[in-house]
Each structure stands twice: as structure tokens, then as C-alpha cells.
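> I'd like to ask you about the structure that follows.
Just so it is clear, none of the values below were taken in a lab; they were calculated from the coordinates. Nothing here was measured: the structure is a model prediction, and the numbers come from that model. Virtual Cβ from ideal backbone geometry, glycine too; neighbours counted across all protein chains shown.
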Amino acid sequence: MTSRGDAAGDAAAALRIVGLRKSFGTLEVLRGIDLRLVEHEVVCLIGASGSGKSTLLRCVNLLEPIDEGRIFVEGEEITAPGVDVDRIRRRIGIVFQSFNLFPHMSVLDNVTLAPRRVLKLSRADADAQAFELLRRIGLDDKAREFPDRLSGGQQQRVAIVRALAMHPDLLLLDEVTSALDPELVAEVLSLVRELALGGMTMLIATHEMGFARDIASRVCFLDAGRILEEGPPEQIFRAPREERTQRFLQRVMEAGRL
Amino acid sequence: MTALGGLGPRDRGDVLEPPGRGRRSRRSGQGALRSTAIAFASTFVFFGVLAWVAVNSSGWPLVQQSFFNGALFAESLPDIAAAFWVNVQLFFIAEILILVLALVIAVLRSIPGPVLFPLRLLSTIYVDVFRALPGVLIIYILGFGIPGLNVEGVPTDPFFYAVIALTLIYSAYVSEVYRAGIDSVHPSQSAAARSLGLSQWQALRYVVLPQAIRRVIPPLLNDFIGLQKDTVLVSYIGVVEIFRQSQITEAAHFNYTPYLATALVFLVMTIPLARFTDWLVARDRRRAAANR
Ligand SMILES: Nc1ncnc2c1ncn2[C@@H]1O[C@H](COP(=O)(O)OP(=O)(O)O)[C@@H](O)[C@H]1O
Ligand SMILES: [Mg+2]
């Protein structure tokens, strides 16, 4: 592990997390996380429910204030005091388990809201970009519909496209298939796979082990707020070193998800 | 099919018709028709008896003379209608100010952060105080107190103070309605907006408030109804509106019929709005149930 001193100079890293700690009241949820992603890398976070995966992603997107540690995006410290959080969030997209589309807006307006209001794109330019993105996922014919008219899988794909419309340097995905009916999981995973092939840098919390094995350049096993073990997927899934990782994967296998 | 002979006409219809929606709806349609007819008949009898008793009681001529005087009703109606125009103006001007002021207060109270703390504190005190005080008291203090200071440049028109008083009284309530709406929008909506780079204000403006306001339209309409009626309270500070006008007419004739005319005006204005509000609430409830 690199020490804190040279972390700031590490401009090659797309994302670098150093000694991140986070508590909710007396509950320490993240207990010293160190993580480094280079550009175009896809890292999957696995771990039991409650191990801190969502909290980690929310901290990276500055949706949760952190207690200790530092986070860098392309060499810039985003946890520095006085940093403009809105400017940082523009560069980091996040997609949630529960989609969180805006229910009072059409699909098109969901996708164009941030480009128009934040990037100050004209309506015509924002619409053109949104239609192009929606066409790629085969949902351009749903542009004028409201989210509640779409299936869960379609809603989640729109949520991903909404994040992509801001051209983020880094995309965070938080169990994007966990709220979906089984038959809708594949369409969302194949979109994520496409993004990975396209070179998007991603940090992905997931319960889909087969998917993680497929797509990840590295897998991190999160246990009680620490990255207990990390490595290439073949190693983590075939020959996990840590006993807790073995037990977690055993449980997942018994549940039929590997 | 000899068995059919023993059945009543309604049952036979059931047997002969093919099963399906048509049969069910026709049957319930007949049932609804019958209960409507019964309801009409019993209502007619009930109110008929009531009216008969009232009109034939010994005090009726006196009641009719002082409350239902047809000639005076016709005579006072134009003045009362003209005075009601003042209430209408009061209502619309105050309502617009209330909707704006209350929204500003609700937004101030729901934005976190230490910078706005003084404004948050001020709005909290304002809401507490104005919800605690009787409206008439506020109208009196503002309508008599402030012009009574005789300060140069301070308006003396009671209409002005009436608008200010109603606005201050109702904004306290309406801001709480807005605030409930804002609180009802799940924090994940705001988080989704912020994660896209929208500022706190933009997230509120484009994501939270549109959803919040849509949800509080029925309770807002309920407050409109209250305001519509409370416009008569400003008669105390000398605004000649509908209630003051009916007092004037009453005093001139020693007769209560003008009050009845005023009551009629309010019934005609308020009941449709109240019904519309009920309908909106019922519709929203149905929609919420359908989405579950
Ligand atoms: N806003 C919060 N307030 C208090 N506790 C929280 C909050 N968010 C998460 N937690 C707690 O933090 C722990 C980790 O949660 P989370 O990051 O959601 O885990 P995971 O995504 O791995 O299931 C859990 O015990 C959860 O109850
Ligand atoms: Mg989670």
C-alpha cells in the first residue's frame, strides 16, 4: 500500500481512497478503507448486507460526510475543505438500487435535467444527446413516457443513461439489479457490460457473483467496514485466502447465486 | 324447464343471460336505481314533515318576518353583492401573497446549514406566534394599532391592513402545509438530484418542490376555503365588506334577512370549492391505492 504522503501526487489513479472512516452515531460502518482504481478499471465490491458497500459509494459521491481519510479523483482531493461539491458530483455518476428516477418528469426530462441546468446545454442539444443515449438502450420510443409506465429494468437503464448524460469520469453502481425481478436483471447487466467494454471506470457494489467474475478487473471483499481481501476475480472466487471470504462465498453459493 | 316457472323475474333473468360482466353490472345497476329511489322518497318525506312542523308552529310568522323577508331580501341583495366584491378582492390579493410568502418560509425552514440559521429561527418564531394568536386579535392590532401610531407615511386605508393581517395569519398555516409536502418527498429524490451535480437550490426547485406542491394541493384548497370565510373578520377594522354591509342594512331595518342573504352568498361560493377539494382528495387516494 502506498502511504498517505504520495497519495496526492498520484494523478494516474482515477479514484484513490486513503484511510476512509465513517460512523453513523456510535456505529462505525467504514473502518479504514484504502482503494485505488486506474482509468478504465472496473472494480466490484462484494460483501454481506450491512458490510458498508452503499456507504462507501455514497461517501465517494460526497452524499455522506466522511469522518476521516481522503478521497482523490484524478489526483484532485475531493474531500479537501472548501471544495465545490456540485462540481465534483458532476464528474462522478451514481446509480442506486431503487432507480430514484424523478416521477414527475418524463423519461426525456429525467435525462436532460442535469445537462440543461448544470451544464447549461440548450434544450435542443440536451434532447438530441438524450435521444441518442436512449436509442442506444432501445428506449427512445419511451422518451415521452413517465417512469411509472416503464418496467423496473427499463427504469434502471434510464437511471444509468441519466448518469451517463453528464459524461462522468467515474460511475458508481450500487446493487443496480437487486430491486429487479429476475427476468429483468439481464438487460441491465448487459448494459453495464457494454459500458465496461467502452472503457468506463466503474466501482460496482453487487450481489451478482457471476457478473462480477465476468466483468471485474478486480474484486474487493468488504467485511464489517474493511476491505478484507482483494484480487483478480479468478483468485477471489476460486481460491479466496481469507476464511471469512470463503464463508461468504459458500453462503452465496448455497443461495444459488454463483 | 318447469323449474323456471317457480323463480322470480329477476332470478330468471340471471339464469337466462350468459355469465359475465354484463349480467353483474345490470344487476347492481337495478339495485342502485332502487336505493336511489328509496333515498329520494325518504328525503322528501323527512324534509316535508320538518318544513310542515316549522311553518305550522306558533312562532313561524315572527321568524319569517325577521329572517325570510322576501321584499327586504330583494332590496338588500344588490348592496350585499357589491360589498362581496370587496371580499373577493381581499381573498385574491391575500391568497396570492400567502402562497408566495408561505412557500418562502417553508423553503427557508427546510434548507439546512448554519448560514441561514437566523432566518430559520425567525420563520419558526413567526409560525409559532401567528398560529397561536386568534386571528381577530391580529386584525385589531394591525388595523387599529399601526395607523394609530400616526407615523408619517404609514398607510391609513383599512383595506391595506386587512390584506396584511390575513396574509400574516394564513401564511403561518400554509407554510406548514408546504413543509409537510416537502418532508413527504423521499430524501433519495434529493440525493439523486444532487448526485447529478444539481445544487441544493436546483434540487429543491426542479425535483422536490414540484412533487411536494402537487401533493399538498387538497390541503391548500382547504385553507382557501377558510380564508374565503375569514375575509369577514376584517369588518372589525372598518372595511365595508359583505358582513359589515349586512350589519348596516340590518340596523336600518331591524331585520335579519340581510344576514340570510350573506349566508346564501357564502354557501353558493364555498360549497362547490369544498366539494371540489373532497373530490381531489378522493381521487388522489384512489391513485395512491392503484400505484401500490
Ligand atoms: N443513514 C444511516 N444512518 C444510520 N445507519 C446507517 C445509515 N446508512 C447505513 N447505515 C448502517 O450502516 C451499515 C452499512 O450499511 P450499508 O452501507 O448500506 O451496507 P451494504 O450496502 O453493504 O448493505 C448498516 O449497519 C446500516 O444499518
Ligand atoms: Mg447496500
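> Mind checking which of B:Arg244, B:Arg34, B:Arg205 has the largest fluctuation in a GNM of chain B, springs on alpha carbons under 10 Å?
B:Arg34
> Relative to 2.2 N^0.38 Å, what does the C-alpha radius of gyration of the protein assembly as shown come to as a ratio? Two decimals please.
Taking N as the residue count of the protein assembly as shown, the ratio is 1.40.
> Find which of A:Thr245, A:Leu101, A:Cys220 sits farthest along the positive direction of the dipole of chain A, computed with +1 on the beta-carbon of Lys and Arg, -1 on that of Asp and Glu, about the Cα centre.
A:Leu101
> Quick one: if you stick a label point 7 Å off each Cα along the C-beta vector at B:Ala54 and A:Glu76, how many nm between them?
7.6
> Evaluate peptide A:162-168: per residue, the Cβ atoms of other protein chains within 10 Å of its Cβ; return the mean as an integer.
That average works out to 2.
> Please list, in order along region A:124-135, the HN-Hα scalar couplings obtained from phi with the Karplus expression 6.51 cos²θ - 1.76 cosθ + 1.60 (θ = phi - 60°), rounded to whole Hz, x for Gly and Pro.
These are the phi-based 3J(HN,Hα) values: 4, 5, 5, 4, 4, 4, 5, 4, 4, 5, 5, 5 Hz.
> OK, next. To the nearest 20 Debye, how big is the dipole of the protein assembly as shown about its Cα centre, given +1 on the beta carbon of each Lys and Arg and -1 on that of each Asp and Glu?
The dipole of the protein assembly as shown has a size of about 1360 debye.
> On to the next question. Where the only charges are on Cβ atoms (+1 Lys, Arg; -1 Asp, Glu), what is the dipole of chain B about its Cα centre, to the nearest 20 debye?
1960
> What net charge do the residues around A:Leu37 carry, taking every other residue with its C-beta under 13 Å from that of A:Leu37, with Lys and Arg at +1 and Asp and Glu at -1?
Summing Lys and Arg as +1 and Asp and Glu as -1 gives -4.
> List every residue whose amide H lies under 5 Å from the amide H of A:Arg218, counting only residues 5 or more places away in sequence or on a different chain, with H placed 1.01 Å from N in the peptide plane.
Amide H to amide H, under 5 Å and 5 or more residues apart or across chains, A:Arg218 pairs with A:Val42, A:Cys44.
> In the protein assembly as shown, if the dipole is taken from +1 on Lys/Arg beta carbons and -1 on Asp/Glu beta carbons about the Cα centre, which of B:Ser35, B:Gln64, B:Leu90 is farthest to the positive end?
B:Ser35
> OK, next. Looking only at other chains, what is the average number of their beta-carbon atoms within 10 angstrom of each beta-carbon in A:94-100?
4
> Given the rule -39500 (n - 2.57) for each run of at least 4 DSSP H residues, summed and divided by the residues of chain A, what is its mean residue ellipticity at 222 nm, to the nearest 500 deg cm²/dmol?
Here the helix-only value at 222 nm equals -11000 deg cm²/dmol.
> In whole percent, what relative contact order does chain A give with Cα contacts below 8 Å and a gap of six or more residues?
Averaging sequence separation for qualifying contacts and normalising by length gives 25 percent for chain A.
> Now, a different point. Of all DSSP beta bridges located in the protein assembly as shown, what percent are antiparallel, nearest 5?
In the protein assembly as shown, approximately 55 percent of DSSP beta bridges are antiparallel ones.
> Here's another thing I want to ask about it. As an exercise, use a Förster radius of 25 Å and the Cβ-Cβ distance of B:Thr36 and B:Arg275 to find the FRET efficiency, rounded to the nearest 0.05.
0.85
> Can you list the aspartates and glutamates whose alpha carbon sits under 15 Å from that of B:Lys229, skipping same-chain ones fewer than 8 residues off?
Within the straight-line limit of under 15 Å, B:Lys229 reaches these aspartates and glutamates: B:Glu95, B:Glu241.
> Given charges of +1 on the Cβ of Lys and Arg and -1 on the Cβ of Asp and Glu, with all other atoms neutral, how large is the dipole of region B:158-253 about its Cα centre, in debye to the nearest 20?
Computed about the Cα centre, the dipole is about 440 debye.
> Which residue fluctuates most in the GNM of chain A (Cα springs below 10 Å): A:Pro65, A:Pro115, A:Pro233?
A:Pro65
> Can you give the % of DSSP beta bridges in chain A that are antiparallel, to the nearest 5?
55
> Net charge around B:Val239, counting only other residues with Cβ within less than 13 Å of its Cβ (Lys, Arg = +1; Asp, Glu = -1)?
My count for the surroundings of B:Val239 gives -2.
> Take the alpha carbon atoms of region A:184-258, find their center, do the same for region A:108-164, and report the distance between the two centers in whole angstrom.
29
> Determine which lysines satisfy two conditions relative to A:Lys53: a Cα distance under 23 Å, and not lying fewer than 8 residues away in the same chain.
A:Lys22
> Still on this structure, I have one more. Across region B:137-145, in residue order, what do the Karplus-derived ³J(HN,Hα) couplings come to in whole Hz, using 6.51 cos²θ - 1.76 cosθ + 1.60 with θ = phi - 60° and x for Gly and Pro?
In residue order, the calculated couplings are 4, 5, 4, 4, 4, 6, x, 9, x Hz.
> So, one more: Normalised by the residues of region A:90-213, what does the relative contact order come to in percent, with Cα pairs under 8 Å and at least six apart?
35
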